[in-house]
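Working notes, structure below.
The values are calculated or read from the model by the stated rules, or taken from the named source; none is laboratory data. Given the structure is predicted, the values throughout are model-derived calculations rather than measurements. Cβ: placed from backbone, ideal geometry, glycine included. Neighbour counts: every protein chain shown.
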Amino acid sequence: MLFYLFFLLPYLGIPMHILEVYCSPILFKSITHKTALPRTLYYLLTETKLLAMVYGLWSYEKAWYQFSTPQTITSYKIKANYDIDINFYNSSQTLIYTDSYVWNNATSSVEKTLNQTLANVSKIVLVPKINMTVWEIDFFNNSPVTLPSIPTNLTATYGNATVPLSWSAATDATSYNVKRATTAGGPYTTIATGLTGTTYVDNAVTNGTTYYYVVTALNAGSESANSNEASATPTAPTVSGRALLVITLVNGLEKEYDLPMTDVNAFINWYNGRADGTGLEVYTFNKTYNLAKFVSRKDYIAFSKIETFEVNEYNQN
């Protein structure tokens with residue numbers, strides 16, 4: 001749909017007072033202009049409101065667009081059939097700049113760079129000179145974007161089902177993304193975004209698997225290249241030594257077991273699980289001593305029968 005600005009109201013017999021008209025959104029031609037600089041495109045007349053004001057023998061219409069948030073504008077693209085003024089207002093509705101587009105008989109869209117960068121633009125108003133037609137009006141922010149530097153000195157250390165990461169801060173960065181792969185060199189999957197610090201702990205890992213990490217820096221929607229790659233293999237701690245596990249039952253009976261610490265930790269994990277409502281009701285101890293002619297000897301301890309227990313760890317040497 002084309003957007004027309006007409007000044008024929010006196011001749012159509014419309015009373016000389018303020019006439020407010022609402023129109024459908026304008027349909028724009030696609031933007032094909034290319035530039036080496038990043039650009040932000042604002043469409044002006046997507047919620048156009050026309051205000052026709054009649055004075056004497058002439059009528060002057062103005063079309064405007066109110067941005068939802070203030071914008072920075074450096075250029076615009078227009079297709080029109082005559083001269084037109086473009087007024088730029090800030091969030092206080094104060095006129096901060098007027099650009100006069102002078103038509104040079106162009107039959108296609110023309111892009112014009114403003115003499116200055118306009119910040120905090122809240123509203124744009126089109127003020128035609130005479131009866132005319134505006135087919136297209138688009139606004140751009142061509143301001144150069146300063147990319148953040150690449151994060152450096154990324155290190156990864158291993159823990160038990162965890163990989164802590166740290167890196168050196170990047171210049172002009174407002175946040176960081178962490179990416180991970182299971183193959184050196186990637187491809188990487190982003191596992192954390194919007195980090196404002198220079199450390200991160202990856203807890204979604206499996207012991208024994210090697211993970212490869214890179215970090216990128218971001219600002220204003222621009223992302224740096226990947227940092228150096230760092231890798232780590234989370235590993236369960238090695239448990240050594242033995243302990244006497246003494247279990248006191250609710251009836252006062254004590255059960256004592258001389259066990260390696262791996263078995264003691266297995267019992268403690270079972271006990272904590274049952275306390276949280278998970279796991280089997282009964283724990284089984286395999287006795288590997290005094291077997292004699294027995295194939296196996298087992299003790300079965302019910303969780304509900306345990307009053308308390310203690311662990312007395314010792315070194316075999």
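Details
- Matching strands (runs of 3 or more DSSP E) fully within segment 150-204 where at least 2 residues are within 14 Å of A217 (Cβ to Cβ): 152-156, 163-168, 175-181, 189-195
- Exactly one residue among A236, A217 is in a strand (DSSP E or B) and within 30 Å of A184 (Cβ to Cβ), and that residue is A217.
- N160 meets all of the listed conditions (1) in contact (Cβ under 8 Å) with a residue 60 or more places away in the chain; (2) surrounded by 15 or more Cβ atoms within 10 Å (Cβ to Cβ); (3) within 17 Å of Y200 (Cα to Cα); (4) not hydroxyl-bearing (S, T, Y) but one, namely (2).
- Enumeration of residues in segment 90-137 that are closer than 12 Å to A80 by Cα and either touching a Ser or Thr at 6+ places or on another chain (Cβ under 7 Å) or outside the structural domain of F67 (by TED's automatic domain parsing) (or both): E111, E136
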